[in-house]
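S.K.: Mind looking over this structure? Questions follow.
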Amino acid sequence: MRVFIGYAGEHGATRGIAERIAATLTGQGLQADLTDLADERATAPDHDACVLGSAVHNGRWIPAAAEYLRRYTPELARRPLWLFSVGLARVFGGPLERWSQNPDPLPAVRDLLSPEDHRLLAGAFERAHTSLPGHVIFRAMGGHYGDHRNWPEIDAWTKDIAHRLLSAPSGKEHHRNGAAPSLRAL
Ligand SMILES: Cc1cc2nc3c(=O)[nH]c(=O)nc-3n(C[C@H](O)[C@H](O)[C@H](O)COP(=O)(O)O)c2cc1C
């Protein structure tokens with residue numbers, strides 16, 4: 001079974017998570033194809049399932065990932081699909097975490113794609129990633145620089161994906177038999 005893993009980020013934390021997901025799926029006996037969604041050669045998935053993730057910047061997915069979701073909504077909707085967002089909201093918790101549970105464009109496409117799951121994962125943040133005003137706000141909020149990625153959580157989530165794919169290979173039957181969603185609805 002082939003799984004498409006697409007990701008977009010800016011400073012490498014999301015790529016690292018995508019690589020880890022690919023390695024874990026491979027270890028579970030699946031074939032994982034990793035693609036940077038900012039790569040202009042990224043094409044429509046023709047895989048048995050998809051895992052797509054993006055860093056969250058200012059409450060939104062990275063444009064390359066958002067554009068991929070919109071462009072390939074019909075293809076993605078026909079396959080079992082897992083989504084993940086990477087940000088610091090998981091580190092801060094509270095209202096920021098609740099706000100970041102639905103980064104754009106997920107609210108607009110969630111019903112069309114009906115993903116199996118969407119996870120908000122903790123990312124990484126260094127002083128060099130932000131401006132002086134951003135640094136002041138971040139520290140005033142009590143933020144700490146560093147790599148906050150939670151590998152046991154990511155591994156457990158990935159193993160659950162593998163388990164579900166291997167135990168229900170027919171996947172998203174209702175989408176395969178139904179009409180493809182219309183991009184006009186976006
Ligand atoms: C300009 C900028 C804006 C950000 N905005 C958010 C945000 O709105 N919500 C959030 O949870 N994290 C936010 N972050 C934190 C990043 O999403 C986090 O550091 C993530 O790990 C970055 O992934 P990357 O290394 O793949 O780019 C922001 C980071 C930057 C640099």
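The values are calculated or read from the model by the stated rules, or taken from the named source; none is laboratory data. Treat the numbers as computed from the prediction; the structure is a model and nothing was measured. All Cβ positions, even for glycine, are placed from backbone atoms using ideal geometry, and neighbour counts span all protein chains on display. Areas reflect the complete protein model, heavy atoms only, side chains present, ligands, DNA and RNA absent. Shrake-Rupley method; radii C 1.70, N 1.55, O 1.52, S 1.80 Å.
S.K.: Computing the accessible area with a 1.4 Å probe over protein heavy atoms, can you report the carbon and sulfur percentage for the chain?
M.R.: 49
S.K.: Give the peptides 4-12, 67-75 in descending order of average Cβ contacts within 10 Å, highest first.
M.R.: Ranked from most to least packed, the peptides come out as 4-12, 67-75.
S.K.: Right, something else. What are the equivalent ellipsoid semi-axes of the chain, built from the alpha-carbon gyration tensor (square roots of five times its eigenvalues), in whole angstrom, biggest first?
M.R.: That gives 29, 19, 14 Å for the three semi-axes.
S.K.: Also: Please give the per residue accessible area of the stretch 9-156, computed with a probe of 1.4 Å over protein heavy atoms only, in Å².
M.R.: Value for the stretch 9-156: 48 Å² per residue.
S.K.: Where does the chain land at 222 nm, in deg cm²/dmol rounded to the nearest 500, when only DSSP H runs of n ≥ 4 count, each adding -39500 (n - 2.57), divided by all residues?
M.R.: Result for the chain, helices only: -11500 deg cm²/dmol.
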